[in-house]
Every structure is written in C-alpha cells, then in structure tokens.
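As structure tokens, the structure follows; a few thoughts come after it.
The values are calculated or read from the model by the stated rules, or taken from the named source; none is laboratory data. These numbers come from a predicted model, not from an experiment. No Cβ is skipped: glycine too gets one built from the backbone with ideal geometry, and neighbour counts run over all protein chains shown. The accessibility values were calculated without ligands, DNA or RNA, using every heavy atom of the protein model including side chains. Shrake-Rupley method; radii C 1.70, N 1.55, O 1.52, S 1.80 Å.
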Amino acid sequence: MHSVLIRRSFIAFHLVLGLGLLSGSIQTLRHALAPENIHSHSHQHLAVIAAVEAVGAVLFLLPRASRAGALLLVAVIGLGFVAHSLQGEWRPDLAIYAAGAWLVYAMGGGWPSRGSTGAT
C-alpha cells in the first residue's frame, strides 16, 4: 500500500510539473511571437528558448522519453537561472523547476514498465 501511494504521488508530481512547465513555455512563446514583439531581437531569442523548453516539457510527459525531456528541461532552465542571475535577478522558481526535473530524471518515470502490473 505504501509503495503504491508513493508511486501515485510521484506520478502526480511528474504530471503537474510537466504540464505546468509546458503551459508556461507556451505562454512565453505566445508573448515572444506577439505582433508587437516579433521584430525585437531579444524576443526572437526568447521564442527559441521557449520552444526548446516546450519540446522538453512534451518529452518529459511521455513515459519513454521522460528522462531525455528532464535533461533538456534541466539544461534550459539552468541556463535561464544563470542568465537571470547575471542580470541581478534572483529566480528561485527556476531552481525549484530544475530540481523537480532532475528528481524525475534520477528516479525515472513513475509509470510501470511495459508488462508490469504496477502493483509494486
């Protein structure tokens, strides 16, 4: 019973983190591609970063690609954390997101493997 609760909790954490990051990436991408921002050089970079983060979030949500997605998210979010820090902006939310993605990478997905009953 205890291990089932832990597994279900981990899956919920994984899904909430992945969906939250995907939602945030899409919002950032929409902002960067808005007509009033499309010609701004900084917004073009932001659009590329948001698109890469969105790809990472989609991979993160796919059971067979979650570890690759986690690594991509850690890389993108880590770079964002460093970039914001260099501008004097403290963004603990980015550190928390990266730590969560790293946890999923380290633990593997919470979904049972193919052929498993999932009752472990």
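Do we find a residue being assigned to a loop (DSSP other than H, G, I, E, B), modelled with pLDDT under 95 and in contact with a Pro (Cβ under 8 Å, 6 or more places away or on another chain) anywhere in the stretch 86-99?
Within the stretch 86-99, none of the residues are assigned to a loop (DSSP other than H, G, I, E, B), modelled with pLDDT under 95 and in contact with a Pro (Cβ under 8 Å, 6 or more places away or on another chain).
Scanning for something in contact (Cβ under 8 Å) with a residue 24 or more places away in the chain, of a type in the set (D, E, K, R), open to solvent by 40 Å² or more (accessible area, probe 1.4 Å) and within 22 Å of V104 (Cα to Cα), does the stretch 3-13 turn up at least one residue?
Yes, the stretch 3-13 contains at least one residue that is in contact (Cβ under 8 Å) with a residue 24 or more places away in the chain, of a type in the set (D, E, K, R), open to solvent by 40 Å² or more (accessible area, probe 1.4 Å) and within 22 Å of V104 (Cα to Cα).
Return the residue satisfying two criteria in turn: it lies in the stretch 29-45 and is part of a helix (DSSP H, G or I) and open to solvent by less than 60 Å² (accessible area, probe 1.4 Å), and of such residues it is modelled with the lowest pLDDT.
Looking at the filtered set, the residue picked out is H43.
Just one of (1) open to solvent by less than 50 Å² (accessible area, probe 1.4 Å); (2) modelled with pLDDT of 95 or more; (3) not basic (K, R) trips up L59, so point out which.
(1)
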